[in-house]
């Protein structure tokens, strides 16, 4: 069974993308595909027979799980195709296997289903703001990390009561996050369970904050930056990160050769400028400082 294919853009996705464009001061859409760098496809790539890389190159296509609701990292554009830093990282890996961007099958990968779609073989890899942790390593393997984020909190712009995670419980704030995500677990240290509201996507959390159903949204800072950027000045980030979240690329458990190949591809992208160009064309529209590629974890 193949993953759910991306369909025509929903009204919600269209409105998010239009809002991003409006916030950009009349210029190019913040996540416009036109700003993404051209990634050369290695048509001469050769791999050991039987490896994942060899099989995918022979097939001429790859199924990649990503998100469609997270501005700057993974957001469905008006053309129905995902855009963002995660997407560019995924394209870079595919290109190194000789697979062009138009041969990628994008599969929606919400936080709660990421391990499942890898285990079921519905995707070949997941690049979706996917924090590496020991619990997930029981079910899948990770390549990377390719970025280190930090959990933070988003509130309305005029909120002066919530100033950090330690103020959530005393203020009785309702806090929103996403089911199955690392931030949803971490925030339980700071908020009573009856005040934790969980949805399947972060855009619903933003809507709940806008309408006053919750007083705060928590997830990784880069995701919040995108939501703030498209909010038209309604939201702000506290800018007090309280975790480190290494983003990795999820693959089938025990596929060490594929993991090593991905890590080598990431290292080369950092050396030849592909990594920096991908950042500047996406998340770098808001976060101007280009991050340094983290040291890879051992493949297992």
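Once both axes come from the Cα atoms, what is the angle between helix 256-272 and the longest principal axis of the chain, in degrees from 0 to 90, rounded to 10?
Relative to the chain, helix 256-272 is tipped by roughly 80 degrees.
Would you list 279, 106 from fewest to most Cβ contacts within 10 Å?
If I rank by nearby Cβ atoms, fewest first, I get 279, 106.
What is the antiparallel percent of DSSP beta bridges lying wholly in the chain, to the nearest 5?
That works out to approximately 60 percent antiparallel.
Give me the orientation-averaged projected area of the Cα convex hull of the range 107-175, in nm², one decimal.
6.7
How would you rank 85, 261, 242, going from fewest to most other Cβ atoms within 10 Å of each one's own Cβ?
Fewest to most other Cβ atoms nearby, the residues stand as 242, 261, 85.
Taking only Cα atoms, what is the 0 to 90° angle, nearest 10, from helix 85-96's long axis to the longest principal axis of the chain?
0
If you take the square roots of the eigenvalues of the alpha-carbon gyration tensor of the range 58-125 and sort them as a ≥ b ≥ c, do you get rounded (a/c under 1.5), prolate (a/b over b/c) or oblate? Before the final figure, lay out the partial values.
Working: a/c = 1.89, a/b = 1.09, b/c = 1.73.
Here the range 58-125 falls in the oblate category.
Please tell me the relative contact order of the range 103-211 in percent, rounded to the nearest whole number, where contacts are Cα pairs under 8 Å and at least six residues apart.
Values: 88 pairs, mean separation 26.6, N = 109.
Taking the mean separation of contacting Cα pairs over the length of the range 103-211, I get 24 percent.
Taking the Cα centre of each part, how many Å lie between the range 45-66 and the range 245-260?
15
For the range 151-237, what relative contact order do you get, as a whole percent, if you take Cα pairs closer than 8 Å and at least 6 residues apart?
Answer for the range 151-237 is 43 percent.
Rounded to two decimals, what is the ratio between the C-alpha radius of gyration of the chain and 2.2 N^0.38 Å?
It is 0.97.
At each listed q (0.15, 0.19 Å⁻¹), what is the log10 of I(q)/I(0) that the Debye formula gives for the range 146-259 modelled as equal alpha-carbon point scatterers?
Taking Cα atoms of the range 146-259 as identical point scatterers yields -0.61, -0.92.
Return a whole-number percent for the relative contact order of the chain, with Cα pairs under 8 Å and 6 or more residues apart as the contact set.
Relative contact order for the chain comes out at 25 percent.
To make sure I understand, if each residue's beta carbon is the centre and we count other beta carbons within 10 Å, what order do 199, 142, 73 fall in, fewest to most?
Least crowded to most crowded, the residues run 199, 142, 73.
Here, each number is a calculation from the coordinates, and none is a lab measurement. It should be emphasised that the depicted structure is a prediction, and the values quoted were computed from it without experimental measurement. Glycine gets a Cβ as well: all are built from the backbone with ideal geometry, and neighbour counts include every protein chain shown.
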